[in-house]
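Asker: Have a look at this one before I ask anything.
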Amino acid sequence: MIVGAYLTHNNLSAKMKPSIAAFVGSLDWTMLKYTPAVGVQPLLEPSDEDGRPQSQEPIQLFRTLLTELLEKWKKNNLVKKFPKKMIIFRDGVSDGEFTQVLESEFKAAKAAVEKLAGAPNQCKITYKVCVKK
């Protein structure tokens, strides 16, 4: 299974506007069909005197959105087999947030797999952060 994940933010001058988490995932082993999963990132408490919310890069809905994609995978496959391998491509992470994002989102990915597969090692997960330079 191939998964792409991104968190898009409004510009910094936008007060109290949430970020959007967008995922796309393959539906079967051929990796020719894909399906989306989208959610609104919960707003965090304002962190500056102008009332703008603080920026937090880890996707809070990572487990929920990945679970949605995994459920669609299982529904789309006639034999209802779980994917044996998953590659997650994550974009939009700065160097300073890399460790926090990796720990939070990789843990959420393992939890989503365990929830649906019933076993933590049912699916091998590769988590790749893509950086534009």
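Bear in mind these aren't lab numbers, they're just calculated from the coordinates by the rules spelled out. What you are looking at is a predicted structure, and each value in this text was computed from that prediction instead of being measured. Don't worry about glycine lacking a Cβ; one is built from the backbone with ideal geometry, like all the others, and counts go over all protein chains shown.
Asker: Go ahead and run the numbers for FRET between Lys107 and Leu43, Cβ-Cβ distance against an R0 of 22 Å, rounding to 0.05. Display every interim value, and only then the final one.
Answerer: Working: r = 22 Å, r/R0 = 1.02.
For Lys107 and Leu43, the calculated efficiency is 0.50.
Asker: Another one. Measuring from label point to label point, each 7 Å out along Cα→Cβ, what is the Asp28 to Thr126 span in nm?
Answerer: Taking the simple label geometry, Asp28 and Thr126 are separated by 2.3 nm.
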